[in-house]
Amino acid sequence: MVQTSHNYSIQVSCDQYDARWDQFVASCRGGHHEQTSLWVQFKFNYYGWEPIRIIVSRNGVIYGGVQILKRRLKWFGNIGYVTRGPLSISEDPELLNVIVAALDNAAKHARLKYLAVIPSYTGHHFVPHLEKLNFMPKPDFLPPSAVMRATLVLDLAEDIDKLMARMRRNLQRDLRRGLSSGLVFREGGENDIETFRRLMWALCERRGCAPSPPQKDFFHNLWKVLHAHGHLKLFLVEFDKTPVSAVITFPFGDTVRLWKIGWNGEHEKLRPNALLYWEVIKWSKQNGYRYFDFVWIDLESANKLHRGEAIQPDNTNGMSFFKIGFGGQVILLPEQYLKFYNRLVQLLFRFGGRQLLSSKWGTGIIRRIYHSNASADAG
């Protein structure tokens, strides 16, 4: 379906695969693999999410757009969410307004009851346009929940020696120890996926948390869709040919994003994870990527760094402190937004419903509705 709005054409599609859109996402500032049609294929095959893709163009050239994932929930109706979108090639107010209006209209046409929007890293300029159409800040207890609020991005333009010099000194010592102690770094293949899963589950067990995602075949299915296009890589560190730690990354556009890590807890004194991170950073630079995204640091540490304050390790920020040791720029991500497409529900939420839904009773109902037809969403 193609519409027109002022100087732009608007195409709305439910196609699972769109190579032209994926190329635009990869080239666009703020582009993220979760806005691609490849990600849709995985989410549809594994979870049943369906796409609504809005492409805004002029004279055949894509200027922006957004991809919604939608699913019907028992007892509730259609819901949707946008991850790391919308996207645009500029901050031209007319273009931004067209994209957000098209998003809102597509949600209405699809009869969504609820739409959540998680903007891209650079999506702050979309916020006023969302608010103009009555989107409201989304509390974390509404799905999708536990979405990161801050991250750390390393600029790989500098040479390797300068990147290492910017690291915390104890990390430099850990790397030298690891490199001289027999640890070996290598890129993994499909045969290593189950090894990675076991390492990840072992790390979760030591931390006392449930594995996320919990499904044993999750990473195999993800590999089948993304690896062939170069958007999924697995790396391992071994000692005496035995895997010790491993990580899954998403190379996409100009950025490599670190995602899930696994570690069996062995050889702690050799600091295998420090070596793993550093070697993946080096791989990213050597393969022409401009940025390395550590994907998540805790918000309190991020705010302190943003204010120029020093970070000291404690029981709550251990992983963030480790990542910060590699250097990089703190990125505070835009607010997440939501809209209920029932005017009464929208008004109730705005004037008191938030407190009811955030109660123990309310969150229990939300979990029951959201997980009624499918396993917990891992994306």
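Residue check: is His125 part of a helix (DSSP H, G or I) and within 20 Å of the chain's Cα centre (by Cα)? So His125 passes the test.
Results for (1) part of a helix (DSSP H, G or I); (2) in contact with a Pro (Cβ under 6 Å, 6 or more places away or on another chain); (3) in the same structural domain as Arg206 (by TED's automatic domain parsing), shown as yes or no for each residue.
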residue	(1), (2), (3)
Val237	no, yes, yes
Val244	no, yes, yes
Pro251	no, no, yes
Arg257	no, no, yes
Lys260	no, no, yes
Lys269	yes, no, yes
Trp283	yes, no, yes
Ile297	no, no, yes
Asn303	yes, no, yes
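Scanning the stretch 111-159 for residues that are without any contact (Cβ under 8 Å) to a residue 12 or more places away in the chain and in contact with a Leu (Cβ under 7 Å, 6 or more places away or on another chain) returns no hits.
If the condition is being over 28 Å from Gly31 (Cβ atoms) and of a type in the set (A, V, I, L, M), then the stretch 297-344 contributes Ala310, Ile311, Leu344.
Each row is one residue, and each column tells you yes or no for (1) of a type in the set (Lys, Arg); (2) surrounded by 13 or more Cβ atoms within 10 Å (Cβ to Cβ).
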site	(1), (2)
Ile193	no, yes
Trp201	no, yes
Arg206	yes, no
Ala210	no, no
Phe218	no, yes
Asn221	no, yes
Val225	no, yes
His229	no, yes
Val237	no, yes
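Restricting the stretch 231-268 to residues that are out of contact with any Lys or Arg (no Cβ under 9 Å at 6 or more places or on another chain), aromatic (Phe, Trp, Tyr) and touching a residue at least 40 places away in the same chain (Cβ under 8 Å), the residue that is nearest to Trp296 (Cα to Cα) is Phe252. Criterion first (within 22 Å of the chain's Cα centre (by Cα) and not assigned by TED's automatic domain parsing to the domain that holds Met167) does Leu338 satisfy it? Judged against the criteria, Leu338 is a match.
Sort out which residues of the stretch 176-219 are free of Cβ contacts under 8 Å to residues at least 60 places away in the same chain and among the hydrophobic types (A, V, I, L, M, F, W, C), and write them in order of number. If the condition is that a residue be free of Cβ contacts under 8 Å to residues at least 60 places away in the same chain and among the hydrophobic types (A, V, I, L, M, F, W, C), then Val184, Ile193, Cys204, Cys209, Ala210, Phe219 are the ones that fit. Take the conditions (1) touching a strand residue (DSSP E or B) at 6+ places or on another chain (Cβ under 7 Å); (2) part of a helix (DSSP H, G or I); Thr151 misses just one of them, which is (2).
Candidates are the residues of the stretch 149-199 that are polar (S, T, N, Q) and at pLDDT 95 or above; the one that is farthest from Arg271 (Cα to Cα) is Asn191.
The values are calculated or read from the model by the stated rules, or taken from the named source; none is laboratory data. Note that the structure is predicted; figures quoted are calculated from it, not measured. Quick reminder, even Gly has a Cβ in these numbers, built from the backbone with ideal geometry, and neighbours come from all protein chains shown.
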